[in-house]
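Report on the following structure.
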Amino acid sequence: MNKRQQLGFEHPVASDITPESVYRSRRAFLGTAGAAALAGLVPAAPARAAQDAPGALAARPDARYSTKEKLTPYGDVTSYNNFYEFGTSKSDPAHNAGSLRTRPWTVVVEGEVAKPRSFGIEDLLRLAPMEERIYRHRCVEAWSMVIPWTGYPLSHLLQAVQPTSRARYVEFVTLLDPAEMPGQNDAVLQWPYLEGLRMDEAMHPLALLTFGLYGKLLPNQNGAPVRMVLPWKYGFKSAKSIVRIRLVEQQPVTSWMRAVPNWYGFYSNVNPQVSPQNWSQAHERRIGQGSFGGLFTPQIPTRLFNGYGEQVAQLYKGMDLSKDF
Ligand SMILES: Nc1nc2c(c(=O)[nH]1)N[C@H]1C(S)=C(S)[C@@H](COP(=O)(O)O)O[C@H]1N2
Ligand SMILES: [Mo]
């Protein structure tokens, strides 16, 4: 039995790439089917469908929180990655993340909560209805993508454990296992990878607990089996392969804050006016959208909060965004 068979499902592999046009028409069909199910015309897909169909992860397309911009091809989303646990170059995660075992997997949710609990990944997949959101994804390295993610708002999970009145921040902890994550043998960051949000940010409907992309389970290099996606913040805020979520009183010190404190602040909201690093955040390269196989990627202006200001700006009212970067 090889490892994939042991896991009982297939992760998408390079030969399994969904062409965007096929994907789009399938989405349109799923949208119609979903609407029919809501209207009671056909039964809604059972929650188990996600595991029965190898690699597939059913979801209801959520137009309200989705951009209509051109999608970044699946091949780019899954081969141009930052996941330092598997190496520091963009191609390393796709090459090296096969060593990560994503079943069994548990996520402990603890700290300032009335009902601390350990969730098996299968429990998490069933906790709330899956939604598909097409989000812009902006890396602090000034590149960006447009990705269809599958998941549900983190607020559903946090509500399930009943935060106490002392819970002011949420800490996300990635797996620590140098045998499965060979990059952890290099001290480029303090391991495990640690990220955090203020409680109101974590409860925001845009903050997506994410299990899939392009209608399939996450490939390992994209943070399988569960990660955060926070579209108004730089990509590094969205921790991958999460094993622990802690509700705490004090603002967490994240891995990137610890590594380069004058470059990376706790908030790290996308902001074209504020570039604490020694490169500019004013523009971004949209990966996979240029001519010659994406070699000449177009430069586009970066927007405040990555274009999600209408939804999130009120979270930061009264704050000096050049100081609280
Ligand atoms: N555990 C962990 N999470 C991580 C990272 C990482 O190195 N380790 N990289 C971050 C960065 S810099 C980015 S841009 C996004 C990349 O996500 P993607 O590869 O799915 O596009 O993941 C973020 N989450
Ligand atoms: Mo990033």
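Which members of region 260-296 meet the condition of being over 27 Å from ARG198 (Cβ atoms), in contact (Cβ under 8 Å) with a residue 40 or more places away in the chain and not polar (S, T, N, Q)?
HIS283, ARG285, ARG286, ILE287, GLY288, GLY294
Would you mention how many residues in region 201-225 are open to solvent by less than 10 Å² (accessible area, probe 1.4 Å) and part of a strand (DSSP E or B)?
Final tally of qualifying residues: 6.
Go through (1) out of contact with any Ser or Thr (no Cβ under 9 Å at 6 or more places or on another chain); (2) open to solvent by 20 Å² or more (accessible area, probe 1.4 Å) one by one and return the number of the condition ASP186 breaks.
The failed condition is (1).
Of the residues SER118, SER155, only one is under 30 Å from LEU304 (Cα atoms), surrounded by fewer than 20 Cβ atoms within 10 Å (Cβ to Cβ) and polar (S, T, N, Q); which?
Values: SER118 fails: under 30 Å from LEU304 (Cα atoms).
Within the list SER118, SER155, the selection yields SER155.
If you go through region 139-168 one residue at a time, how many are more than 16 Å from ligand 2 (Cβ to nearest atom) and touching a Lys or Arg at 6+ places or on another chain (Cβ under 6 Å)?
Residues flagged as more than 16 Å from ligand 2 (Cβ to nearest atom) and touching a Lys or Arg at 6+ places or on another chain (Cβ under 6 Å) within region 139-168 amount to 2.
Against the conditions (1) free of Cβ contacts under 8 Å to residues at least 24 places away in the same chain; (2) part of a helix (DSSP H, G or I); (3) away from ligand 1 (no atom under 16 Å from the Cβ); (4) under 30 Å from PRO192 (Cα atoms), where does MET257 fall short? Just the number, please.
Failed condition: (3).
For region 99-151, what are the residues that are part of a strand (DSSP E or B), under 26 Å from ASP76 (Cβ atoms) and of a type in the set (Val, Ile, Thr)? Spell out the reasoning first.
Step one: list which residues in region 99-151 are part of a strand (DSSP E or B), which gives 106-111, 113, 117-120, 131-138, 143-151.
This time we only want the ones that are under 26 Å from ASP76 (Cβ atoms), so: 131-138, 143-151.
Scanning region 99-151 gives ILE134, VAL146, ILE147, THR150.
Checking VAL173 against (1) over 19 Å from ASN222 (Cα atoms); (2) within 13 Å of ligand 1 (Cβ to nearest atom); (3) open to solvent by less than 30 Å² (accessible area, probe 1.4 Å): exactly one of these is not met. Which one?
Every condition holds for VAL173 apart from (1).
Being under 26 Å from LEU315 (Cβ atoms) and part of a loop (DSSP other than H, G, I, E, B) narrows it down to one of GLN190, GLN251, so name that one.
None of the others qualify; the one that does is GLN251.
Counting only residues that are open to solvent by 10 Å² or more (accessible area, probe 1.4 Å) and more than 16 Å from ligand 2 (Cβ to nearest atom), which one in region 226-249 is farthest from the chain's Cα centre (by Cα)?
GLU249
Kindly indicate whether any position in region 115-135 is more than 16 Å from ligand 2 (Cβ to nearest atom) and at positive phi.
So far as region 115-135 goes, no, none of its residues is more than 16 Å from ligand 2 (Cβ to nearest atom) and at positive phi.
Could you list, ordered by first residue, the pairs with Cβ atoms under 7 Å in which the first is in region 173-200 and closer than 20 Å to ARG258 by Cα and among the basic types (Lys, Arg) and the second is modelled with pLDDT of 95 or more and crowded, with 20+ Cβ neighbours inside 10 Å, at least 6 apart or interchain?
Listed pairs, sorted by first residue: ARG198/TYR169.
Which one of these does GLU284 not meet: (1) open to solvent by less than 20 Å² (accessible area, probe 1.4 Å); (2) assigned to a loop (DSSP other than H, G, I, E, B); (3) among the charged types (D, E, K, R)?
(2)
The values are calculated or read from the model by the stated rules, or taken from the named source; none is laboratory data. Predicted model, so just to flag it, every value in this text is computed and none were measured. Virtual Cβ from ideal backbone geometry, glycine too; neighbours counted across all protein chains shown. All accessible areas refer to the heavy atoms of the entire protein, side chains included, with ligands and DNA or RNA removed. Shrake-Rupley method; radii C 1.70, N 1.55, O 1.52, S 1.80 Å.
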